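A short worksheet on the structure shown next.
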Amino acid sequence: MNKKLRERLKESATSGNLYFCDTTFIRAQQKYMAMVHHYNRVHPYRFLTKRFLLQRIFGSVGKKLYIEAPFYANWGINTYWGDNCYANFSLTLVDDCEIHIGNNVMFGPNVTLCTVGHPIDPSLRFPKVAQFGFPIEIGNGVWLGANVTVMPGVKIGDNTVVGAGSLVTKDLPPNCLALGSPCKFVREIGEYDRQYYSKGREIKDIGSFKTSGKH
């Protein structure tokens, strides 16, 4: 991608201004989507090939990133990953605007991070398609359950867990459990969660895993 086009993409991906995605953008986008297509067809055991492709697709890639195939991205280059992240099957990144993902983040199957919106007025959606975007920020230690959708402009604080099937339309604080459609704060993560892993099931020592919750 040439410098001028990269600057245009950067401006549209961070400003929140309304813009039209023209043919120049579409051609550039197709090159990244082709790399995603390639990734999704690489044999599961070819770890080095997968790592190489992830480094080419994304804006930045931390240590030990692993994404199950298939995944999908509008661009990829606008998504920035921290260390030790894992995404289960069918992650979808609508990253026309920037997505920043912290360290030690887990995504369940079919998670969607959507940074883009379109005007309500139909004259701005046809024949030309106007759009705008707001960045998404996912903090360290976050876990998004299966089928969670995160909408444009949302920030999720460190260590927060979002329950399966939730639609996240507003910012979530750190260290909390949240769920629902729309997603709402349920409670803080605390001592109970260091003693029980699920509905009264007590955490036992498993190898190096201690009841203190540190591992």
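Since every read-out is calculated from the coordinates, none of them should be taken as a lab result. It should be emphasised that the depicted structure is a prediction, and the values quoted were computed from it without experimental measurement. Quick reminder, even Gly has a Cβ in these numbers, built from the backbone with ideal geometry, and neighbours come from all protein chains shown.
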To one decimal place, what orientation-averaged projected area in nm² is obtained for the convex hull of the Cα set of the chain? 13.3 nm²
Could you work out how far the C-alpha centroid of the range 103-164 sits from that of the range 1-44, in angstrom? 17 Å
Explain nothing, just compute: Karplus ³J(HN,Hα) = 6.51 cos²θ - 1.76 cosθ + 1.60, θ = phi - 60°, for every residue of the range 170-177 in order, whole Hz, x for Gly and Pro. 9, 4, 10, x, x, 6, 9, 9
For the chain, modelled as a Gaussian network with Cα springs under 10 Å, which listed residue fluctuates most, Tyr45, Tyr86, Tyr72? Tyr45
Please give the net charge around Val129, taking every other residue with its beta carbon less than 14 angstrom from that of Val129, where Lys and Arg add +1 and Asp and Glu add -1. -1
Percent of beta bridges antiparallel (DSSP, the range 3-188, rounded to nearest 5): 20 percent
Looking at this model, which pairs from Lys3/Lys31; Lys10/Lys155; Lys64/Lys184; Lys10/Lys128 are more than 26 angstrom apart at the alpha-carbon? Lys64/Lys184
I want the local charge near Thr160. Using Cβ-Cβ distances under 15 Å, sum +1 for each Lys or Arg and -1 for each Asp or Glu among the other residues. -1
Hey, what do the phi angles of the range 53-62 turn into as Karplus ³J(HN,Hα) couplings, whole Hz, using 6.51/-1.76/1.60 and θ = phi - 60°, x for Gly and Pro? 5, 4, 5, 7, 6, 8, x, 7, 9, x
Between Arg46 and Ile120, what is the label-to-label distance in nm when each label sits 7 Å out along the Cα-to-Cβ direction? 4.8 nm
Sequence-separation-based contact order of the chain, relative, with Cα cut under 8 Å and 6+ spacing, percent: 13 percent
Need the full-extension length gain, Lys64 to Thr24, defined as separation in residues times 0.36 nm minus the C-alpha distance. One decimal, nm. 11.0 nm
Calculated from DSSP H runs of 4 or more alone, at -39500 (n - 2.57) each and per residue, what is the 222 nm mean residue ellipticity of the chain, nearest 500? -6500 deg cm²/dmol
